[in-house]
Amino acid sequence: MKNALMLAMSLSLIACTQSGLHNPKANMSEISTTLSPSSTVLSSYTWQLVQATNQQGQAINALFVRQDKPVSLQFKDNNIGILNTCNHMGGAFTLKANVLTVSNLVSTMMACDAPVNQLDTLMGKLIEGNSTLKITKADSQPQLTLISASGDMLVFKGIATPESKYGAQAETIFLEVSPKTQRCDAGVRQMQCLQVRQVKYNEQGLKNYVSSGWENFYDSIEGYEHSNNERVIIRVKKYPVKNPPADASNAAYVLDMFVEREQVK
């Protein structure tokens with residue numbers, strides 16, 4: 001009887017171990033934490049839409065017609081921006097506990113081809129008004145779940161903003177970029193360097209300085225795609241990089257906006 005009891009306990013322990021109940025490493029990837037929604041957390045990320053369902057649990061496929069540029073949300077200074085729809089949309093928001101209230105949405109007035117054109121209307125209806133928020137974090141990946149007043153559910157993944165990623169405020173610089181690139185030496189390797197000139201503007205927004213010569217630009221600019229048929233002036237955010245790897249830059253550059261664009265042959 002005693003041996004039978006010992007055998008039963010051993011089998012029970014093995015079963016529990018195999019199911020992960022006594023294995024501290026089991027299902028570790030499924031462990032998530034819930035974060036309290038706050039303006040600070042919301043503004044630390046750009047939120048890219050990854051899933052959308054209506055009240056009946058059916059997928060809202062019309063929100064994913066721009067697969068190369070997912071519909072996204074940005075929060076800053078009590079304003080919400082809706083990106084990668086047909087037009088850039090924005091409005092004021094307030095946050096009380098887990099209730100998000102968005103009001104006075106406005107947008108630019110650009111026309112787009114169908115079906116991109118309907119994104120403005122769809123997102124406007126889903127975002128404006130009261131919604132409930134839930135933010136979870138698993139494996140360092142934050143996820144924002146937004147449930148609209150009508151019961152539709154939008155799920156976003158968080159992409160750290162440059163300020164959050166680099167932990168510092170940026171210096172704003174202006175660069176004129178030549179259509180031509182130049183072969184250059186970057187440490188032990190060769191690459192095609194952008195040709196740039198520094199540009200400055202006065203308080204009235206008028207250009208008052210352009211450096212005389214073109215210089216090699218050895219770094220990349222996040223968000224910028226170079227064209228050999230275009231001369232541009234861009235506004236760039238320059239972030240300090242703490243403890244960069246050997247032969248890596250101590251600065252990171254992020255495209256902020258295009259100031260001038262000119263087609264050239």
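Using the Cβ-Cβ distance between VAL50 and PHE258 with R0 set to 22 Å, the FRET efficiency from 1/(1 + (r/R0)^6) comes to roughly 0.20. Phi angles across the range 83-96 convert, under the Karplus curve 6.51 cos²θ - 1.76 cosθ + 1.60 with θ = phi - 60°, into 3J(HN,Hα) values of 10, 6, 8, 5, 10, 7, 10, x, x, 8, 9, 10, 9, 10 Hz, Gly and Pro given as x. The H on the amide N of HIS88, modeled in the peptide plane, is under 5 Å from the matching H of THR108, each at least 5 residues off or on a different chain.
About its Cα centre, the dipole of the chain is roughly 440 debye, where the only charges are +1 on Lys and Arg Cβ and -1 on Asp and Glu Cβ.
Residues whose amide H lies under 5 Å from that of TYR201, counting only those 5 or more places away or on a different chain, are ASN208; hydrogens are built 1.01 Å from N in the peptide plane.
Quote the relative contact order of the range 166-263 in percent (integer), defining contacts as alpha-carbon pairs under 8 Å separated by 6+ residues.
Working: 199 pairs, mean separation 29.7, N = 98.
Reported as a whole number, the value is 30 percent.
Hey, what did the chain get for relative contact order, percent, Cα under 8 Å, at least 6 apart?
Working: 496 pairs, mean separation 37.1, N = 265.
14 percent.
Multiplying each eigenvalue of the alpha-carbon gyration tensor of the chain by 5 and taking the square root yields semi-axes of 45, 29, 17 Å, largest first, rounded to whole angstroms. Considering only THR46, LEU206, ILE82, the residue lying farthest towards the positive end of the dipole of the chain is THR46, judged by Cα position with unit charges set on Cβ. Spin-label model, GLN204/SER38: points 7 Å from Cα along the beta carbon direction are separated by 4.5 nm.
For the cross-link pairs LYS76/LYS180; LYS76/LYS238; LYS76/LYS125; LYS76/LYS207; LYS237/LYS265; LYS69/LYS238, the ones whose C-alpha atoms lie over 26 Å apart are LYS76/LYS180; LYS76/LYS207; LYS237/LYS265. Here the Gaussian network model covers the chain, with springs between Cα atoms less than 10 Å apart; of ARG235, ARG183, ARG66, ARG183 fluctuates the most. Here the sum of -39500 (n - 2.57) over DSSP H runs of 4 or more residues, divided by the residues of the chain, equals -4000 deg cm²/dmol at 222 nm, to the nearest 500.
Subtracting the Cα-Cα distance of LYS76 and GLN141 from their residue separation scaled by 0.36 nm leaves 21.4 nm. Using θ = phi - 60° in the Karplus curve 6.51 cos²θ - 1.76 cosθ + 1.60, the 3J(HN,Hα) couplings for the range 117-126 round to 4, 7, 4, 4, 5, 4, 5, x, 5, 6 Hz; x is entered for Gly and Pro. Amide H to amide H distances under 5 Å link LEU35 with ILE135, THR136, LYS137, where only residues 5 or more positions off or on other chains count and H is placed in the peptide plane.
Where a number appears in this text, it was derived from the coordinates with a stated rule and is not lab data. Small disclaimer: the values here were computed from a predicted structure and weren't measured. So basically every Cβ, Gly included, is an ideal-geometry build from the backbone, and we count neighbours across all protein chains shown.
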